[in-house]
Structure formats: C-alpha cells, structure tokens
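Notes for the one structure printed next.
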Amino acid sequence: MIKAVKGTRDILPPSISVWNHVERISREVFNTYNYQEIRTPIFEETALFSRGVGEETDIVTKEMYTFKDRDDSSLTLRPENTASVIRAYIEHRLDQIPGLQKLFYIGPMFRRERPQKGRYRQFSQIGAEVIGSESPAVDAEVIEMVCNLLDSCGVTGYKLMLNSVGTPQSRPAFVEAIRQQLTPVIDQLSPDSQRRLETNPLRILDSKAPEDQAFIDALPSIHDYLDEDSKTHFARVREYLEDRGIAYTINPRMVRGLDYYTRTTFEIVHEGALGSQNSVLGGGRYDGLAESLGSRVAAPGIGFSIGEDRLVMTVEEAHPGKYTHTLDLFIAPMDEPSFRHSSLIARDLRNDGLVVELAAAGKLKRSMELASKLNARYALLVGEQEVANRQYSLKNMATGEQISVPKEDLKKHICQTL
C-alpha cells in the first residue's frame, strides 16, 4: 500500500473545519488592516533563497528541496515566502504603486526537517509583509495585527518575545565578540556550532544543542553592540506596543533563523499542545533584502509567518469540537416519490444556507441511525402522507421531540436553536 510521504499528511474532516475557520479569521483580520492577498509560485530559482535567506542558514544548507529542471537550471520548492514576495515586488514594480505595499499569503512551504509534533516537511504558513517604510510605528502595528489575529482565533495565554538585532553595519563587532569568546572552547561545541563559528557565528544563538547552552548563556548581549539609530528605533517600537497595552518580553538571544533580519525581530510562543516546540509564529524587519535581490530602490519592510499547522493545533486544544462541521438537517424519505419531493425541499433549504444531507429512499430505522451517526441537529421524515399534506415530521435529534411543520416554516424551526 502506498502511503503519504514521511513528513507529509492528509488533513481530513473534521479537522479541516478548524483550518477553514483559522483561514477565514485571518483573511478578515488582514482585510481590516488593508492587506491584499498575493500568491507566488511554490517553486523558484534556487538563487532566490540562497541569496535572500542566507547561505549558512539551516534552511539553505540542510532543509531545501532543490532539483534540476530539464534545462539544467536549479529550482527549489519554497521553504518560506518572504523572499518570493520581495521578488514579486521587484519584478512587477510594486514600488510604483502609491502607499505601502501590504500583502498577505496563505499556502504550503517545504523543508526537509525532522518530523515532530506540529512540524512537517510540507507545512502551511499564513504570513504578511509590509514594504516601503522603516518606521517603528509600522513594526508595532504589524505586531498588534498578529495579536488581534490570535485573539480572534480564540488563542489565549500566548507570550510575545521581542528583540532588536541591529543593522548589518552594527553586527560585525558583536560577531567578533562571539568568535573571541567561543574560539577557545570550540572543541566543546556541537558540530553545527563549530561550523557556524567559522561561517556565521550569529547562527550559534539559534542552537538547541544541550552542549552549547552554557556557552551561549555566557555570551554578551547584542544590545550592547547596537548602533544609536537601532537603539532609538527599538525604544520607539516598545513605546508603541506599550501604548496599545501589548505585553512583551525582551529576549536578546532571539536572532531568528534567517539572515535577512534587521532591527526588530519577534516571536509568539504558546505552552500547551505544542510541547517544547512552542513557537507559533515569528517575524521581523528586513531592511536591505530587496536591494540584495536586485531592487534599484530602497524597499525596507517587515513581516511575519504563522505556522498554520501549529496554530490549528493550538485552536483545537483551546476549543475542542467547537469548529467542527455541523449538519443542520438529515432528510429521510420513505420511498421513491418521497425522495423526489425531498430533493426539492433539500434544494430550497440549501439555498437558504442550511447544511442538508438527503438520504436515499429506504427503511426509516436505518435512516435515523445514520442521522444520529452524522450528528444531525434535526431529521425530517418524509413519506406519502407528508407529501400529500405538505406537513413534515421534524425531529430534534438532541431532545427526541418531534413536531409537524409545514414547508414554509422548516427554516424557522431549524434555525431557532442555532
């Protein structure tokens, strides 16, 4: 038997109802902040991600699904979407459109990670990007929108982690301090951190290896090396968040896993369904990314991505069964003439927005057993007498109460308990 590839999965009913709920809420929140949807290809030229994400990131060195096309060009399934959005921004000259470009996306990404709870090799992200401003007010509004989205999905108990990683001009001194402190103990570091110490020491702060943690904890704070503009920018972000009553915790070790981040970075973590893998979303500012990808004009930006798989798990844990599919009415016709009549009733009620299942004509007992298994709210019994009188037996499946209802009153009776 052929099964789904390791690290992928089928999303089946009733779980898909939670996915649809989360995506609907996300679209509504994005709309209130004047974001518009963008859809980029799921594969791009490999150079887009190696240049944009960073040659020494785990994503590029270990996790990308890269393949040769028939013309021998190198293509990669997108491991994240910010680089793709910026590529589209440059290619289609979106900088010529007045105002900020506020874009959101929902779709699959691909990384060859070790499968674990809430983390898959094909996973879905909900994300947004704001391009065209380096104002700290934009950073705060993006974070406010993220919190609004989580609140609207019914997620509580999450924590906002905040940091500033400065600018490419201010980081070399901090990187050199890391090298000087860790070089004497390089043999005690994990293999990945030994390699990173040579290629990209900042990535060591991302290490989860137990043997690295004591050394990481002893490193100086990146805040000691921020330039004055970055310090001012970070202070303003915090002021704007405090104005909004948004609580945060400063985490100077949080540098995120992508090389394009500058200044503000943030994560939201949630204890619960995710266990130790408790990051629901992350993001940050990426001033300079567009220029590194070929833009002839400055295009500072900030964005975030939500791991939709993880968000759905969190919503399911907080509200078990709340967003599952609901069957309003199960129609049980007794014979063929009743079935033909029932099909018209079903059509009219569906046009009125009710969820209706029409059974094949058959034995009443079997139909009612099926209505119960499908968790129908009501069952409508239709036989020769009901067709003749235009009065139908409507049964409340929760209480067992059964009443006779004319066709024109069916919707009113069904909807009164919604």
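The values are calculated or read from the model by the stated rules, or taken from the named source; none is laboratory data. As the structure is a computational prediction, the values presented were derived from the model and not from experiment. Here the Cβ positions follow ideal geometry from the backbone for every residue, glycine too, while neighbour counts run over all protein chains shown. When the accessible area is computed, the model is the full protein with side chains, heavy atoms only, and any ligands, DNA or RNA have been set aside. Shrake-Rupley method; radii C 1.70, N 1.55, O 1.52, S 1.80 Å.
A few notes on this one:
- Dividing the summed -39500 (n - 2.57) terms of all DSSP H runs of n ≥ 4 by the residue count of the chain sets its mean residue ellipticity at 222 nm at -11000 deg cm²/dmol.
- Computed E for ASP229/ASP95 - FRET, C-beta separation, R0 22 angstrom, nearest 0.05: 0.45
- The three principal axes of the Cα atoms in the chain give end-to-end lengths of 90, 51, 46 Å, sorted in falling order.
- Förster radius 60 Å - calculated FRET efficiency between GLU384 and THR156, Cβ distance, rounded to 0.05: 0.65
- Taking label positions 7 Å along the Cα-Cβ direction at both ALA173 and THR66, the computed distance is 3.5 nm, reported to one decimal.
- Net charge in the neighbourhood of SER152 (other residues with Cβ under 15 Å of its Cβ; Lys, Arg +1, Asp, Glu -1) is -2.
- Under-5 Å amide H pairs with ASN81, H placed in peptide plane, nonlocal only: none
- The chain, accessible surface, carbon-and-sulfur percent (1.4 angstrom probe): 49
- Taking θ as phi - 60° and the Karplus parameters 6.51, -1.76 and 1.60, the scalar couplings of the range 159-172 work out to 10, 8, 9, 10, 7, 10, 9, x, 10, x, 7, 8, 6, x Hz in sequence order, x denoting glycine and proline.
- Computed extension length for LYS3-THR199: 66.6 nm, one decimal, from 0.36 nm per residue of separation with the Cα-Cα distance subtracted.
- Net charge of neighbours whose Cβ lies under 15 Å from the Cβ of GLU242, counting Lys and Arg as +1 and Asp and Glu as -1: -2
- Estimated translational D of the range 218-263 in µm²/s (Stokes, Kirkwood radius over Cα pairs; 10 °C; 1.306 mPa s): 131
- Whole-number D in µm²/s for the range 330-418 (Stokes-Einstein; Kirkwood sum over Cα pairs; 4 °C, 1.567 mPa s): 101
- Per-peptide average of other Cβ atoms within 10 Å, ordering 300-312, 143-155, 37-49, 401-413 highest first: 300-312, 143-155, 37-49, 401-413
- Per-residue ³J(HN,Hα) for the range 218-223, Karplus 6.51 cos²θ - 1.76 cosθ + 1.60, θ = phi - 60°, Hz, x for Gly and Pro: 8, 6, x, 7, 5, 5
- Under 5 Å from the amide H of ALA299 lie the amide H atoms of GLY288, ALA290, GLU291, each residue being 5 or more positions distant or on a separate chain, with H modelled from the backbone and absent for Pro and chain starts.
- Based on the Stokes-Einstein relation at 10 °C and a viscosity of 1.306 mPa s, and on the Kirkwood radius from alpha carbon pairs, the range 106-178 is assigned a translational diffusion coefficient of 100 µm²/s.
- FRET efficiency estimate (nearest 0.05) - Cβ-Cβ, ASP217 to ILE11, R0 25 angstrom: 0.05
- By the rule of a C-alpha distance below 27 Å, with chain neighbours fewer than 8 residues away ignored, the lysines paired with LYS62 are LYS3, LYS6, LYS117, LYS208.
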